[in-house]
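The values are calculated or read from the model by the stated rules, or taken from the named source; none is laboratory data. This is a predicted model, so every value here is computed, not measured. Glycine gets a Cβ as well: all are built from the backbone with ideal geometry, and neighbour counts include every protein chain shown. Ligands, DNA and RNA are stripped out before the accessible areas are found, and what is left, the full protein with its side chains, is counted by its heavy atoms. Shrake-Rupley method; radii C 1.70, N 1.55, O 1.52, S 1.80 Å.
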Amino acid sequence: AAGLWTVFTLGGVGSKASAQLEQCSPLASQSLLLLLVLANLTDAPDTPNPYRQAIMSFKNTQDNTGFSSSNPHAFQINFNSLYTALCEQQKSDQATLLLYMLLHQNSNVRTYVLARTDIENLV
């Protein structure tokens, strides 16, 4: 079982940074893990996962286009603050997984990140 766990954690990559993050802000770390679990739950046949829908559709507060409330799970967040936080926490496996999920599932975040001139901070 220990060998299988090592494979899943990529040989412990990011485990020290994750431990440091948990010591600094355990509530933030646990909240991020909860968000990732909820967003990756399987959709029911008759109702889609509302957490995944929210992750896929949130928009930038600094966007000039109108905010449509047709999606009941839609909300707005400051993408600059989100980008800064993700850049600061990229040594954490959880933050990297959140970034991966956002880039693949939310076209608004993907467009924002690709438009940044300081993308080397993220990489």
query = Looking at (1) modelled with pLDDT of 60 or more; (2) open to solvent by 100 Å² or more (accessible area, probe 1.4 Å); (3) farther than 25 Å from residue 107 by Cα, can you tell me which one residue 62 breaks?
reply = (3)
request  = Show the residue pairs that are 6+ apart or on different chains and have beta-carbon atoms under 8 Å apart, the first residue being within the range 31-45 and open to solvent by 60 Å² or more (accessible area, probe 1.4 Å), the second being not in a helix (DSSP H, G or I).
outcome  = 41/49; 42/49; 43/49
task = Just need a number here: residues in the range 103-123 that are open to solvent by 30 Å² or more (accessible area, probe 1.4 Å) and part of a helix (DSSP H, G or I).
result = 13
ask   = For the range 90-102, how many residues meet the condition of being surrounded by 14 or more Cβ atoms within 10 Å (Cβ to Cβ) and assigned to a helix (DSSP H, G or I)?
value = 9
inquiry  = Please go through the range 65-89 and give me each residue that is open to solvent by 50 Å² or more (accessible area, probe 1.4 Å) and at pLDDT below 85, ordered by number.
reply    = 65, 66, 67, 68, 69, 70, 72, 73
ask   = What helices (runs of 4 or more DSSP H) lie completely within the range 1-48 and have 2 or more residues being at pLDDT below 50, among the small types (Gly, Ala, Ser) and more than 19 Å from the chain's Cα centre (by Cα)?
value = 2-8
